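Scroll down for the structure; my scribbles are underneath it.
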Amino acid sequence: MAIVYNIAEASHAEEEIAPEFKEILSSLPTEKGWRTPNLYLFQGFWCQPKEIQAIISVQNHYKAKDSDVIVATIPKSGTTWLKALCFAIVNREKFDYQKNHPLLTSNPHELVLFLEYKLYANNQIPDLSTLPTPRLFATHMPLGALPESVRESDSKVVYLCRNPFDTFVSIWHYLCKIRPESLGPLSLEEAFDMYCRGVIGYGPYWDHMLGYWRESIEKPHKVLFLKYEEMKEDTTLYMKKLAEFLGFPFSLEEEKYGVIEEISKLCSFEHLKELEVNKKGKGAIAHFENKNLFRKGEVGDWVNYFSPSMVERLTNIMEEKLAGSGLSFKLF
Ligand code: A3P
């Protein structure tokens, strides 16, 4: 039973923005964008124009239920993987992993929809009342931008963080593939400078991760903070933590019969990447090809791109920004 949505996708052309939002945009600080001509500093984070419109709509209209789960990430930190895992964990009694599992024929982004890119894009207000419980949604919004109802309800947030070195390389590759030709190429050096100045969608990334990190320490029942590198190293352990947090813990019997391994395999990079829907499909994210969502899926690929001066610059930034927070990353 896959959920069928009839939802328009956000496009990102500035000319499609409603006049009242154009007025908002004209009052915001701007910088050159990565895949749109401009990024705008909105509520303290950098955003593409259409996203601002959608985010305002999410903030005004989305009412979180106590049982809702929000998958939160900064782009390219493993969103696709976390969506797949959450979907597979909470729905594990409904499907056969070999035969009718929706992840075999749908990209994870079609099963766990973004609030701002899909559900509330283009000024639409979706009817979410008929969705099965728990409703799974996703967002790239920083914690502080989430609607009041998320903070006030017992809804849960799962945040996946990735080391900023690999995240940068992943973003650069992805955006080079989907960037309109009219904007011309974006060199690694220029992109890195933007990244280090915090000018990246939903960034600065250090504010993004610290917001969720601090909340996860203060309210561990509300926010589960996961790290991509740790998940890669011990997927089973973190799947157990995730399942428990979501309120769907694995039973001893499930552990004995290898259910965790089965889900882990189903959602693995190697498996998802080879599925027809992810090799040839389109449109899980905007009109882009799904195959772009699967590149290497490794920890430490950044060594192939970073010069010594880049390593020094990003290391210094991370040390300064994360100082005293207790948050750290594995780079390999
Ligand atoms: P790389 O570009 O380093 O390969 P997002 O899903 O947030 O867009 O993040 C994309 C990154 O996650 C890409 O990293 C992609 O290859 C990797 N990825 C996609 N699916 C994955 C999976 N099932 N397991 C681990 N990594 C995955």
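Hey, can you tell me all the residues within segment 35-66 that are in a loop (DSSP other than H, G, I, E, B), under 25 Å from CYS176 (Cα atoms) and of a type in the set (Ser, Thr, Tyr)?
THR36
Give the residues of segment 257-286 that are out of contact with any helix residue (DSSP H, G or I) (no Cβ under 9 Å at 6 or more places or on another chain) and not in a helix (DSSP H, G or I), sorted by residue number.
TYR257, GLY258
Go through segment 250-288 and report how many residues are more than 16 Å from LYS240 (Cα to Cα) and either away from the ligand (no atom under 13 Å from the Cβ) or at pLDDT 95 or above (or both).
Residues that pass the stated criteria total 16.
Return the residues of segment 242-256 that are at negative phi and touching a helix residue (DSSP H, G or I) at 6+ places or on another chain (Cβ under 9 Å); say none if nothing qualifies.
LEU242, ALA243, LEU246, PHE248, PRO249, PHE250, SER251, GLU253, GLU254, GLU255
Provide a single number: the residues in segment 153-201 that are without any contact (Cβ under 8 Å) to a residue 40 or more places away in the chain and under 30 Å from SER67 (Cα atoms).
0
Pick from segment 287-321 the residues that are polar (S, T, N, Q) and in contact with a helix residue (DSSP H, G or I) (Cβ under 7 Å, 6 or more places away or on another chain): which of them is surrounded by the most Cβ atoms within 10 Å (Cβ to Cβ)?
Going through the qualifying residues, I end up with ASN290.
Any residue in segment 19-32 that is free of Cβ contacts under 8 Å to residues at least 40 places away in the same chain sitting within a Cβ distance under 6 Å of a residue that is crowded, with 16+ Cβ neighbours inside 10 Å and part of a helix (DSSP H, G or I)? List the pairs, counting only those 6 or more apart or interchain.
That search, which allows pairs on different chains as well, returns PHE21/GLN53; LEU25/PRO49.
Considering only residues of segment 289-312 that are among the hydrophobic types (A, V, I, L, M, F, W, C) and assigned to a helix (DSSP H, G or I), which is nearest to the ligand (Cβ to nearest atom)?
So, considering only residues that are among the hydrophobic types (A, V, I, L, M, F, W, C) and assigned to a helix (DSSP H, G or I), the one nearest to the ligand (Cβ to nearest atom) is LEU293.
Restricting to segment 63-93, and then to whatever is more than 16 Å from the ligand (Cβ to nearest atom) and touching a helix residue (DSSP H, G or I) at 6+ places or on another chain (Cβ under 9 Å), can you tell me which residue is farthest from GLY247 (Cα to Cα)?
Once the filter is applied, the top-ranked residue is LYS63.
Scan (1) away from the ligand (no atom under 15 Å from the Cβ); (2) not in a helix (DSSP H, G or I) for the single condition ALA138 breaks and write down its number.
For ALA138, the exception is condition (1).
When you scan segment 1-51, how many residues do you find that are farther than 30 Å from PHE95 by Cα, hydrophobic (A, V, I, L, M, F, W, C) and at pLDDT below 50?
1
The values are calculated or read from the model by the stated rules, or taken from the named source; none is laboratory data. All figures in this text were calculated on a predicted structure; none of them were measured in a lab. All Cβ positions, glycine included, derive from the backbone under ideal geometry; neighbour counts span all protein chains shown.
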